[in-house]
Amino acid sequence: MRDHMRVVVQGGGRRGRRAGLAGVLWAAAELTVTVGVVVLLLVVHQVWWTNRQALAAAREEVRELEKRWTLPSLPGPSDSGPSVVPAPSAPSAAPASGSPSASAPGAPARMSAPAPARESAYGVLRIPRLGVVVPVAQGVDKRAVLDKGYAGHYPGTAQPGAQGNFALAGHRNTHGEPFRYINRLRAGDELIVDVRGQRYTYVVGKTLGETGERDTGVIAPVPRSTVHPEYGYDGPGAYITLTTCTPEYTSKYRLVVWGTLRS
């Protein structure tokens, strides 16, 4: 009888250990599934939800800008009635620091846009081939500009329409991803910049498929890559530069598209 009881106790111990091991494995499996779901939700939020939020906000900003540009003036105390402000003439302002004067030889006839306030949206970039319509803001701060789905204007580069290089950065993935498909642009495609009723049309001329993030030559007044010096331009002009990350979903390199102002 004593031996029989000993066998029963031993068997129960093995079953207990098996049950304990099964519980641990089950808990580990549940934790793995939970972590996987959380990671998936984070990816969905980053890739899908931030795109929707930024894209909707950017489109609304474009509408607000265009509304302000066409808004009629309010009648003053001496006005007999409302009057509509005529379409603005080309604004006059000094070009950005480091850019040649707009009156330099070879400069386009129209004047450049005025310098905007820091991190504020002041223009609209249109890329007809890609169906892109995106606000342009001063600065390239990630949180204040790029994550809003805007194209960011590199500080110190030329204003739209001016001699020099009007250089822009934009996300390729997430947060509205306005520059996701700029690799599809080809020579002759238009890049249109609207600022307070004035339109500047640039024409794509050259692209650089991959360069280092520190290749500042691509946004120089006369853009030319310092990493791949065979890519770029040789003389002064009115240029536009679009930059974004490459390959997709990484920030290892930069993709560059250049254009020149149509006279």
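Contact annotation: residue pairs with Cβ atoms under 8 Å, 6 or more positions apart or on different chains, pairing a residue in region 237-248 that is more than 11 Å from residue 220 (Cα to Cα) and in contact (Cβ under 8 Å) with a residue 40 or more places away in the chain with a partner that is assigned to a strand (DSSP E or B) and among the basic types (Lys, Arg), are 243/254; 244/254; 245/254; 246/254.
Which residue out of 162, 169 is of a type outside the set (Lys, Arg) and more than 21 Å from residue 144 (Cβ to Cβ)?
162
The residue of region 109-141 that is surrounded by the most Cβ atoms within 10 Å (Cβ to Cβ), among those that are modelled with pLDDT of 95 or more and in a loop (DSSP other than H, G, I, E, B), is 140. Look through region 230-263, keep the residues that are among the polar types (S, T, N, Q) and closer than 29 Å to residue 147 by Cβ, and return whichever of them is surrounded by the fewest Cβ atoms within 10 Å (Cβ to Cβ). Among residues in region 230-263 that are among the polar types (S, T, N, Q) and closer than 29 Å to residue 147 by Cβ, the one surrounded by the fewest Cβ atoms within 10 Å (Cβ to Cβ) is 250.
Name every residue in region 145-159 that is buried (at least 16 other Cβ atoms within 10 Å of the Cβ) and not aromatic (Phe, Trp, Tyr), in order of residue number. Across region 145-159, the qualifying residues are 145, 146, 147, 148, 149, 151, 152, 153, 157, 158, 159. For region 231-244, the criterion of a residue being in a helix (DSSP H, G or I) and of a type in the set (Val, Ile, Thr) is satisfied by no position. Among the residues making up region 214-263, none is touching a helix residue (DSSP H, G or I) at 6+ places or on another chain (Cβ under 7 Å) and modelled with pLDDT under 95.
Within region 231-263, the set of residues being within 16 Å of residue 167 (Cα to Cα), more than 13 Å from the chain's Cα centre (by Cα) and polar (S, T, N, Q) comprises just one member, 260.
The values are calculated or read from the model by the stated rules, or taken from the named source; none is laboratory data. A quick note: this is a predicted structure, and the numbers were derived from the prediction, not measured. Because the Cβ atoms are built from the backbone with ideal geometry, glycine has one as well, and the counts that use them run over all protein chains shown.
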